[in-house]
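> Okay, here's the structure, questions in a sec.
The values are calculated or read from the model by the stated rules, or taken from the named source; none is laboratory data. Keep in mind it's a predicted model, so treat the numbers as computed, not measured. Don't worry about glycine lacking a Cβ; one is built from the backbone with ideal geometry, like all the others, and counts go over all protein chains shown.
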Amino acid sequence: MVRFTFMFFLMVILFLVGVIVGFDQAGTGMNQLSGNETENYDALESNKQEDSYEVEVMGQSFEQKSIEEKKESYQEIQGSSLTGKIASVLESSVKWFYNLLVAGAYQISDFIYRL
């Protein structure tokens, strides 16, 4: 029994090591397939310029914005969201109808049990 348990755990460990090595080789193969010859590269680069930061993530550049700019863009997005308004009206009407059904079912069951 001890021999079987030892062999079983040894096979499981070898299998998991093989899976990890296979994932590593697959990742290397995908880099070569996409034409990326660089083995090690930084996905995140940041540059500080006086009062603002510029961050580059995977080739896309992002800049630091002030809170006022973010609030203005958020207000523009929220103000012009027709879909959100329609969803809100639909939600309230479905809630009202559901509450009406539950109240009616409660009244019917209450009437039946009081007889």
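> Does Gln49 qualify as being at pLDDT below 85 and touching a Gly at 6+ places or on another chain (Cβ under 9 Å)?
no
> Taking the stated definitions as given, is Ile20 of a type outside the set (Phe, Trp, Tyr), part of a helix (DSSP H, G or I) and either touching a helix residue (DSSP H, G or I) at 6+ places or on another chain (Cβ under 6 Å) or at pLDDT 95 or above (or both)?
Against the criterion (of a type outside the set (Phe, Trp, Tyr), part of a helix (DSSP H, G or I) and either touching a helix residue (DSSP H, G or I) at 6+ places or on another chain (Cβ under 6 Å) or at pLDDT 95 or above (or both)), Ile20 does not qualify.
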